[in-house]
Amino acid sequence: MMQRIINTIKRYHLGPLIGLVILIFILSFATAKFFTFGNLRNVALQISVNALIAVGMTFVILTAGIDLSVGSTLALSAAIAAQLMVGHINPWLAGGAALFVGGLAGALNGVFVAYAGLAPFIVTLGTMTLFRGLTEIYTNGMPIFNLPRGFAGFGTGTFLAIPIPVWVMALVFVAAWVVLYRTTAGRRIYAIGGNERVAFLAGVPVKRYLVGVYVVSGILASLAGIILASRLGSAEPTAGVGYELDAITAVVLGGTSLMGGEGTLIGTLIGALILGTIDNGLNLLNVNSFYQDAVKGLIILAAIMLDRKKSAGR
Amino acid sequence: MAQLEMEGISKAFSGVKVLENVNFQVDSGEVVALLGENGAGKSTLMKILTGVYTADEGQILIDGEAVVVRTIRDAQDLGLGMIYQELNLFGNLSVAENFLVGREDKFKTLGFVNYPLLYEKVSATMETLNLNRNPKERLVNLSVGEQQLVEIGKALQQDVRFLIMDEPTSALSKAETDRLFEIVHALKAKGVGIIYISHRLEELFRVADRVTVLRDGRFIATVRTEETTERELVSLMVGRDIEDRYPHEQSTPGESILRAEKLKTSAIRDVSLEIRGGEIVGLGGLMGSGRTEVARALSGIDSLQSGKIVMEGRILHLRSPASAIRSGIVLVTEDRKNEGLLLPFTIRENLALPTLSHRSRLGLVRRQDERKNAEEWVGKLRIKTHSMEQATENLSGGNQQKVVIGKWLACKPKLLILDEPTRGIDVGAKQEIYQLMNQLKLEGKAVLMISSDLPELLGMSDRVYVMHEGTVRGELQGREMQQEAFMRLATGGEV
Ligand SMILES: Nc1ncnc2c1ncn2[C@@H]1O[C@H](COP(=O)(O)OP(=O)(O)OP(=O)(O)O)[C@@H](O)[C@H]1O
Ligand SMILES: [Mg+2]
């Protein structure tokens, strides 16, 4: 078992994992505050939103697709949940409605990709703007405040000293892991990414699965939106701008190929952790915010290089 | 006169030895065939020669002097050209542009591609190959055989001293093969040394001067073709005698399994045929006659414009390969690389793909079942591998084909359609596939086989339908099953 774990690490996540360990190592020495329970918990909380989106993104990218609309989907569903709650609808119902809308948004992407045969990049580029526009219309461009107190507990509360969003993230990871690695659906998603034609000829209902992965992505973006609204205490029409890029970065950092068919969920988790650790570390080190992005970019490039090294030589 | 030698070559992949102390030699103006079972190491040896892989031990000598071949570029500079077994072409580019890739500096004027020059050169090469296509045509629109010709043409455009051909004819029709042999003879006369790999023994006697046999990565023997026989080659290659090349079994056909009535798709018209249980039916014709298209219609890939497919008395409405598979019809396609295998995926995963839902409970894959399935087919088909977890892209060509056949047999089909099932497969493995077909037949299953290998088609089938220009021209059975009668029908004549 141990050997198998090591082999898997070797095969897929060597680069990112080493990158993460080095980062943690350096930061632990550079600042006393980094390697404390309080801070690590903070990192976990910080990454939860991005990690949730990145899980959905992993599903999509495994089929050789991409979903640029997640940031807008996040904003749209957060706004819907908030508006319903302000109208005294039960938070659970409101959340459910928001997830449903997220799924619907994903289905729209999926139908365009699978049945109209359009390129995922173009479809989701379009819906990214469309969903953002719908959010602005729906909110009149204003943030929605005064969310019920109980709802704030979802994003800010803890259970066994761990923040609830972190629990949600963990649950989603486990569930997604089971789907990808234990079910026929997961196998078929990989197969479609590996070679769509071979999958189709082998009887895989390719179109249905393509719609499915975008629905997953939409639902998880919307779950991330609910968590974000709950933590901030408001739903902003501009929430989630640029989040699609963070999610894609996490997935790619984790070693998943943009060509599809190759990659892992654990890699994505490591990718999200690297991003979160960098942000946290740079803050603790009081790095001037102008420099933060540049440093972050360099670290990302370094991590990706480490990962690509292994596949270069024979 | 130049001489190319490989001396004491050894190579292992992740600890598994695939070549051990192999010696090989070819002179200019000579054709040497390299013969061996699937996985014997032929392609690997040649890839070492062209710098794709590096040998662990041994050296390469030209005219007695050791040379270093570390990259494909090195090989090109030394005048070593290779036509790979697997096509390495760009489907999205035009035929001419495929010639251009990697050789841009030859067709450059002031940094721009000189298209008129390119088209001129490419047209000339295509003419020598009898490839009658527009150089501007997109490559995907060409048949596999035509693509193979493009690959050959690419190698011909370089000035090579030694040319390696790894199963160049496996996708070619008879006429195309004849044309290729003329080219081989012309090259030979020009003093090019040729290494020729093929599983078609009769070809070796037509083109090769000598044959070098490999078995399990070891050098077995080199014999002169004029001093040997097919039988001897086979026993050198597999280490035992094979009695009957086409082991045809007598059986009494049962009920009709599938009946096609006046099928019409965009590529075929008026195709009617019937396949009964316990019967191997051949479907032959020249390349482009619509054989593959019939298979595609029967397996739900191409939709019918008119006509009907009746299976065990019920009319089928096939909307996709999935519905054909559910009805018990499976197709082993001719293009294993693009349609048959998920190349980077493991043998286990490939063998389970079409039957995943049977290997699951509540959507969860039963891995035990999946592993057993892989072991069963690796065993039955004698797929040569050291692990079920091997990526299929690292298997030899023939073993890849066996994986494709295995994944379809795992579906326990009522009708198995095989499109060129023994392409690129060695004599021993062919036998195993024939035995399997016979076994299916004796179990009362129906088999429809498409093959360009005429002796095989006539040897293994109980009856043969012959296609010509998109329709069934006639049917041969019993005594009529002769090459001459077949060719007459295939070219549009009468029996
Ligand atoms: N990159 C690789 N990694 C691991 N194993 C490999 C690799 N390439 C080839 N092999 C193994 O080496 C052996 C020899 O393969 P090779 O392709 O040279 O056989 P071949 O004689 O050309 O067979 P065929 O007639 O089927 O084409 C096979 O067992 C194959 O699985
Ligand atoms: Mg080979």
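The values are calculated or read from the model by the stated rules, or taken from the named source; none is laboratory data. Please read these numbers as outputs of a predicted model, since none were measured by experiment. FYI the Cβ positions are ideal-geometry reconstructions off the backbone, even for glycines, and counts take in every protein chain you see. Ligands, DNA and RNA are stripped out before the accessible areas are found, and what is left, the full protein with its side chains, is counted by its heavy atoms. Shrake-Rupley method; radii C 1.70, N 1.55, O 1.52, S 1.80 Å.
The residues of region B:76-100 that are touching a strand residue (DSSP E or B) at 6+ places or on another chain (Cβ under 7 Å) and within 16 Å of ligand 2 (Cβ to nearest atom), listed by number, are B:M82, B:I83, B:Y84, B:Q85. Checked against the criteria, B:L364 does not count as within 14 Å of chain A (Cβ to nearest Cβ) and open to solvent by less than 10 Å² (accessible area, probe 1.4 Å). Residues that are touching a helix residue (DSSP H, G or I) at 6+ places or on another chain (Cβ under 8 Å), small (G, A, S) and in a loop (DSSP other than H, G, I, E, B) within region B:248-263 comprise just one, B:S251.
The set of residues in region B:1-38 that are open to solvent by less than 10 Å² (accessible area, probe 1.4 Å) and of a type outside the set (A, V, I, L, M, F, W, C) comprises B:S10, B:G36.
The sole residue among B:G153, B:G145, B:G193 that is in contact (Cβ under 8 Å) with a residue 60 or more places away in the chain and within 30 Å of B:G284 (Cβ to Cβ) is B:G145.
When A:T238 is tested against (1) assigned to a helix (DSSP H, G or I); (2) of a type outside the set (D, E, K, R); (3) open to solvent by 20 Å² or more (accessible area, probe 1.4 Å); (4) away from chain B (no Cβ under 14 Å), only condition (1) is not met. Restricting attention to region B:327-357, the residues that are in contact with a Gly (Cβ under 8 Å, 6 or more places away or on another chain) and facing another protein chain (nearest Cβ under 9 Å) total 6. Among helices (runs of 4 or more DSSP H) entirely within region B:55-134, having at least 3 residues that are open to solvent by 60 Å² or more (accessible area, probe 1.4 Å) and not aliphatic (A, V, I, L, M) singles out B:72-77, B:115-128.
Among the numbered conditions (1) acidic (D, E); (2) more than 16 Å from ligand 2 (Cβ to nearest atom); (3) away from chain A (no Cβ under 14 Å), the only one that B:E37 does not meet is (2). Listed here are the helices (runs of 4 or more DSSP H) enclosed by region A:104-207 that have at least 2 residues being touching a residue at least 60 places away in the same chain (Cβ under 8 Å) and within 14 Å of chain B (Cβ to nearest Cβ): A:164-182, A:184-194.
Filtering region B:451-484 to residues that are in a helix (DSSP H, G or I) and either touching a His at 6+ places or on another chain (Cβ under 7 Å) or open to solvent by 10 Å² or more (accessible area, probe 1.4 Å) (or both) leaves B:L454, B:P455, B:L458, B:G459, B:M460, B:G478, B:R479, B:E480, B:Q483, B:E484.
Scanning region B:36-61 for residues that are more than 9 Å from ligand 1 (Cβ to nearest atom) and over 13 Å from B:G217 (Cβ atoms) returns B:L49, B:T50, B:G51, B:V52, B:T54, B:Q59, B:I60, B:L61. Taking region B:332-349 as the range and being open to solvent by 10 Å² or more (accessible area, probe 1.4 Å) and over 12 Å from the mean Cα position of the chain (by Cα) as the test, the residues that pass are B:N338, B:E339, B:L343, B:P344, B:F345, B:T346, B:R348, B:E349. Scanning region A:241-296 for residues being in a loop (DSSP other than H, G, I, E, B) and either open to solvent by 50 Å² or more (accessible area, probe 1.4 Å) or closer than 18 Å to A:G71 by Cβ (or both) gives a total of 8.
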